[in-house]
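Worksheet: the structure to be examined is printed underneath.
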Amino acid sequence: MLFCMGCHGPEAAGVPGKVPPLANALGRFMRTPAGRNYVLRVPGAANSALTDERLAAVLNWLAQRYPPAGGPAPAAAPFTAAEVANLRHTPLANVKESRRAVVRALAASGQAPPAEY
């Protein structure tokens, strides 16, 4: 709550037009290597004061608490502390463009957040 709620809100809904929701979307990003890479390199994850283990636990909890909307989606492997450690320390240069590319790829392979996500 201390590290994610400030931007994503108490129900992980985000702020329309500013901060994308984690609720009902995080699990979709977790389905692909590019999506996982994106999630772990966004500023909130990359700069979080949480340890790699705790960040993995929080993200996995969020994905379980707020599963993808729109019907069942393929199960995604949970994040591991090792995966978090390998990716989070290289922040994204362009968050919005990276997000657009991942959303386009998710749309081509199945369920994806809306294009404006």
Check: Got a number for carbon plus sulfur as a percent of the chain's accessible area, 1.4 Å probe?
Finding: 62
Check: Considering the zone a paramagnetic label at residue 49 would reach in this model (a point 7 Å from Cα along the Cα-to-Cβ line), which residues of the stretch 1-34 have amide N under 16 Å from it?
Finding: 1-7
Item checked: Calculated Rg and Dmax of the chain using C-alpha coordinates, Å -> 12.9, 35
Next item on the list: With a probe of 1.4 Å, find how much accessible area the chain has per residue, and write the answer as a whole number in Å².
Entry: 57
Check: Do you know the relative contact order of the chain, to the nearest whole percent, from alpha carbon pairs under 8 angstrom that are 6+ apart?
Finding: 29
Margin query: Net charge around residue 36, counting only other residues with Cβ within less than 15 Å of its Cβ (Lys, Arg = +1; Asp, Glu = -1)?
Written below: +3
Check: Residues with beta-carbon under 14 Å from that of residue 59, excluding residue 59: net charge, scoring Lys, Arg +1 and Asp, Glu -1?
Finding: +4
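The values are calculated or read from the model by the stated rules, or taken from the named source; none is laboratory data. Keep in mind the model is a prediction, meaning the values are calculated, not measured. In this analysis, Cβ positions are derived from the backbone assuming ideal geometry, glycine residues included, and neighbour counts consider all displayed protein chains. For the accessible areas, the whole protein counts, side chains as well, though only heavy atoms, and no ligand, DNA or RNA atoms are used. Shrake-Rupley method; radii C 1.70, N 1.55, O 1.52, S 1.80 Å.
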